[in-house]
Amino acid sequence: MAVNHLNRTKKIGVKTAGNRFAILPTESNSAAPGGVPSEKTIVRYKKLAAGGAGIIFCEATAISGDARARMNQLVLTPLNYEAYIPLTRAVKAENPDALFLIQLDHAGALADPSFSKPVAVYKGKEGDVPVLTDTQVEGVRDAFIESSEAAFKAGFNGVEMKICHGFLGNDFMQPRNIRAGHYGGSFENRARFLMESIRGIRGACGNDFLISLRLPAYESIPGGFGSSGPSEVIEDLGEPVKISRMAEEAGVSMISVSAGNAGGNLELIHPTSNYPDGVYRHFGWTSAVKKAVNIPVIGAGYSYLSDGKTGLGSWTYWAEKNLADDRVDFIGLGRQGFADPALPSKILAGKGENVNYCTACLGCGVLLGGQKAVKCVVYNV
């Protein structure tokens, strides 16, 4: 199929992405001791850089050792940022035009107590997990800002705040967050943690530094983000649209749209043959956010499409159509990045038939859930 839009450049803040491919931050759980990049980490991102995507997100990286969900998860702090310099240099050497960002997160109540410290935004989240005080929330906010400064010093082009999939930043925004104090109850309070973090990162890192959000348009759990109340589950995109506009005003450079919750419905996060229509729902959520803001928007859910054998239309067909219809600005590659890091270069060269398309078997997810190093189990990449 002819490529007419995937090869186009796109401005993001003061920077420019060379094409419309974005490698999403999919964890490999292969950090070296201390949470710093291992040789395996560097090799993986060199392959992705050689693959030619315009944007590459380094996988979910904890803002402290106590905030991890994975035993061998990357950790970035002001104390270890120098260990990331070889990684950023390796990516830039392989692909000088790629925009390389790192996703920062705090696992919150999903942190593993065997090697981390679970904390909750509100009572009742994941059982008896301690609830953060407002002062402790401010400390987490400051840690996001400090890790962002560390990313700037390490040579990344920007950071992404992970505020999705049931992690800490996500929980603040949920309607069921009715905690007392400055960070719960009203919409303004539930948005406060995110807005303070964005403004703090922008102030600390300057206007040339990119800030992205991984936003959950709809969690599909009672009282989750994208529903209208603490006990509601019917989809209501009013708050996701509103917070997208607020984030843009606060200084965010782009928004990467996702959905689902790791504690409830993985099929929304990464659709499979059990729920293939989830791909189309992703298209709708992304389009709703795209219409609401003037900054670039990244879409997800595409890995299931492969070469059209799923019956939903091919990967390239839907990527080109959604770009042409102005429903999205960048096409996100999650699991597909494990299956074939070279997909962007192959598609752009008109060699889509040579792509190792993701089979959506979720073998990579099984490895991650088992605290093992992640790879594609089909193509052994």
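The values are calculated or read from the model by the stated rules, or taken from the named source; none is laboratory data. The model shown is predicted, which means the values in this text are computed figures rather than measured ones. Neighbour counts run over all protein chains shown; Cβ positions are idealised from the backbone, glycine included.
A few points about this structure:
- Answer residue from the stretch 284-337, given it is aromatic (F, W, Y) and in contact with a strand residue (DSSP E or B) (Cβ under 7 Å, 6 or more places away or on another chain) and is farthest from L266 (Cα to Cα) among those: F330
- Residue count for the stretch 35-49, restricted to those that are of a type outside the set (G, A, S) and crowded, with 22+ Cβ neighbours inside 10 Å: 5
- Applying the criterion of at least 2 residues that are touching a residue at least 60 places away in the same chain (Cβ under 8 Å) and aliphatic (A, V, I, L, M) to the helices (runs of 4 or more DSSP H) found wholly in the stretch 311-360 leaves 315-324, 343-348.
- Looking across V129, V140, one residue alone is touching a residue at least 12 places away in the same chain (Cβ under 8 Å), farther than 30 Å from K47 by Cα and assigned to a loop (DSSP other than H, G, I, E, B). It is V129.
- Pair list, Cβ < 6 Å and 6+ apart or interchain, from the stretch 46-72 residues that are more than 15 Å from G332 (Cβ to Cβ) to residues that are basic (K, R) and modelled with pLDDT of 95 or more: A62/R68; D66/K117
- Strands (runs of 3 or more DSSP E) within the stretch 1-95 that include 2 or more residues more than 18 Å from the chain's Cα centre (by Cα) and over 27 Å from P118 (Cα atoms): 10-12, 15-17
- Filtered by the rule that a residue be of a type in the set (D, E, K, R) and outside any loop (DSSP other than H, G, I, E, B), the stretch 176-208 gives E188, R190, R192, E196, R199, R202.
- Taken as a whole, the condition of being in contact with a Ser or Thr (Cβ under 9 Å, 6 or more places away or on another chain) and farther than 17 Å from I85 by Cα does not apply to N29.
- Residue in the stretch 306-316 that is of a type outside the set (D, E), at pLDDT 95 or above, buried (at least 18 other Cβ atoms within 10 Å of the Cβ) and closer than 27 Å to S244 by Cβ present: no
- Residue in the stretch 165-175 that is nearest to I63 (Cα to Cα), counting only those that are part of a loop (DSSP other than H, G, I, E, B) and in contact with a strand residue (DSSP E or B) (Cβ under 8 Å, 6 or more places away or on another chain): F167
- Picking from residues in the stretch 237-271 that are of a type in the set (A, V, I, L, M, F, W, C) and assigned to a loop (DSSP other than H, G, I, E, B), the one that is surrounded by the most Cβ atoms within 10 Å (Cβ to Cβ) is A259.
- Residues of the stretch 105-118 that are surrounded by 23 or more Cβ atoms within 10 Å (Cβ to Cβ), assigned to a loop (DSSP other than H, G, I, E, B) and in contact with a Gly (Cβ under 8 Å, 6 or more places away or on another chain): H106 alone.
- Residue that is farthest from the chain's Cα centre (by Cα) [pool: residues in the stretch 171-219 that are closer than 14 Å to A247 by Cβ and of a type in the set (S, T, N, Q)]: S197
- All of R190, R202 fail the test of being free of Cβ contacts under 8 Å to residues at least 40 places away in the same chain and of a type in the set (K, R), apart from R190.
- S303 vs. criteria among the hydroxyl-bearing types (S, T, Y), without any contact (Cβ under 8 Å) to a residue 60 or more places away in the chain and not in a loop (DSSP other than H, G, I, E, B): yes
- The residue pairs whose first member lies in the stretch 149-167 and is without any contact (Cβ under 8 Å) to a residue 40 or more places away in the chain and at positive phi, whose second member is surrounded by 24 or more Cβ atoms within 10 Å (Cβ to Cβ) and aromatic (F, W, Y), and whose beta carbons are closer than 6 Å, counting only pairs six or more residues apart or on different chains, do not exist in this structure.
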